[in-house]
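Inspection log for the structure reproduced underneath, given as structure tokens.
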Amino acid sequence: MIRDRLRGLLAGGCAALAGCAGAPLTPFTTDTPPLVLAPASLAGVRDERARFREVYCAVLQADRARELPDHRPCSDALTTVGTEPAASGRPVPLAASRAGLVAVVVPGFGYECVEKWLQVSGTVADHVGRQGYGYQMLRVDGLSSSGNNARQIRDAIVARADAAGPRRLVLIGYSKGAPDILEAVVAYPEVRDRVAAVVSAAGAVGGSPLANDAEQWMADLLRHFPDSTCGPGDGGAVQSMRPGVRQAWLAQNPLPRDIRYYSLATYPQPDRVSSLLRSSWRKLGAVDARNDSQVIFYDQVLPGSTLLGYINADHWAIAVPVARSHTTIASTFLQQNGYPREALLESIMRFVEEDLQRQ
């Protein structure tokens with residue numbers, strides 16, 4: 001009985017962005033900035049997948065010896081898309097960092113509603129801490145607009161005790177957390193001299209077509225999730241995820257050029273999508289089958305950023321660790337939820353640190 005209720009609520013959370021069947025996910029409209037789908041290199045994206053693969057493979061190998069959970073071989077952790085550049089051949093330093101960088105993770109849509117139920121163990125924070133990096137999960141409203149959450153990000157950054165000194169913060173936006181961060185660095189110039197880099201990790205940079213026929217009341221179902229403490233917020237979460245909204249915002253708001261930008265996209269092989277997410281994966285597949293169940297792969301990449309790679313995992317697997325605390329639910333509905341998140345975050349931080357030093 002309890003398991004059935006949880007399944008219904010989990011499915012309801014997926015349905016919040018899956019919307020209603022039948023209507024085109026991308027409806028006819030002329031209310032959009034001019035758009036073009038072009039190779040990443042023509043959008044000013046620097047392709048560093050080969051170097052990130054070197055870093056990630058080295059970290060995964062080291063973490064296998066440490067027996068961290070959800071280990072995967074490097075060949076299975078990443079998806080090769082097209083032709084990657086040649087490997088650099090440079091060594092990958094794995095000593096503890098002394099750069100003082102801090103990973104500040106901004107979670108996605110609805111995370112506030114499920115966080116207590118997830119019972120996150122803290123192994124990711126502990127692991128990157130041992131590698132010399134700071135860590136903070138920056139909490140924002142789960143059901144509010146990106147504009148509302150941008151203000152919360154600003155307030156949290158300004159309130160940090162270590163705000164003074166050189167730029168040390170690496171803002172990592174997962175899903176809706178990415179546009180929340182982008183709006184913060186554009187709207188609040190006072191945070192920019194504290195931010196070294198922004199990373200989109202499965203970020204809804206260009207929005208999700210699933211949001212086009214979804215309504216906020218669907219998102220509000222998450223307020224009834226077990227142990228949920230999230231409020232209604234300003235009711236703008238779904239609106240903020242619509243492609244027209246995100247694309248218009250990007251067209252009207254050039255990103256500050258004194259911050260470095262990086263993109264890491266989820267691009268799962270079809271058998272890496274958990275059964276609970278396959279309905280939204282198929283629905284979004286009406287637009288493009290190359291999606292992670294919530295966002296199409298090209299909508300996750302920031303224009304003018306450095307492309308790190310494509311992760312062979314669905315949207316939830318890289319950031320929502322259901323399988324580690326709810327094994328029965330995971331084995332029944334989220335069979336592909338396991339992913340080496342500790343190694344992934346360490347690799348992001350090591351790559352960004354190296355890249356910042358080389359610029």
Inset, instruction - Would you tally the net charge around ASP314, using a Cβ to Cβ cut-off of less than 12 Å, leaving ASP314 out, and scoring K and R as +1, D and E as -1? - result: 0
Legend entry - Cut-off 9 Å between beta-carbons: net charge of the residues surrounding ASP193, Lys and Arg +1, Asp and Glu -1: +1
Inset, instruction - Within 10 Å, count the other beta carbons around each residue, average over each peptide in 69-77, 89-97, 195-203, and list them highest first. - result: 195-203, 69-77, 89-97
Inset, instruction - Select from SER75, GLY147, PRO33 the residue farthest towards the positive end of the dipole of the chain; place +1 on Cβ of Lys and Arg, -1 on Cβ of Asp and Glu, and compute about the Cα centre. - result: SER75
Inset, instruction - Only Cα pairs under 8 Å and at least 6 apart count here; give the relative contact order of region 44-200 as a rounded whole percent. - result: 23
Legend entry - Cα-centred dipole magnitude for the chain, charges only on beta-carbon of K, R (+1) and D, E (-1), debye, nearest 20: 420
Inset, instruction - Give me the net charge of ARG130's neighbourhood, meaning all other residues with Cβ under 12 Å from the Cβ of ARG130; Lys, Arg count +1, Asp, Glu -1. - result: -3
Legend entry - Fewest-first sequence of LEU68, LEU276 by Cβ atoms within 10 Å of each Cβ: LEU68, LEU276
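The numbers here are math on the coordinates, done by the rules we state, and not lab data. From a predicted model like this one, the values you see are computed outputs, not experimental measurements. Neighbour counts run over all protein chains shown; Cβ positions are idealised from the backbone, glycine included.
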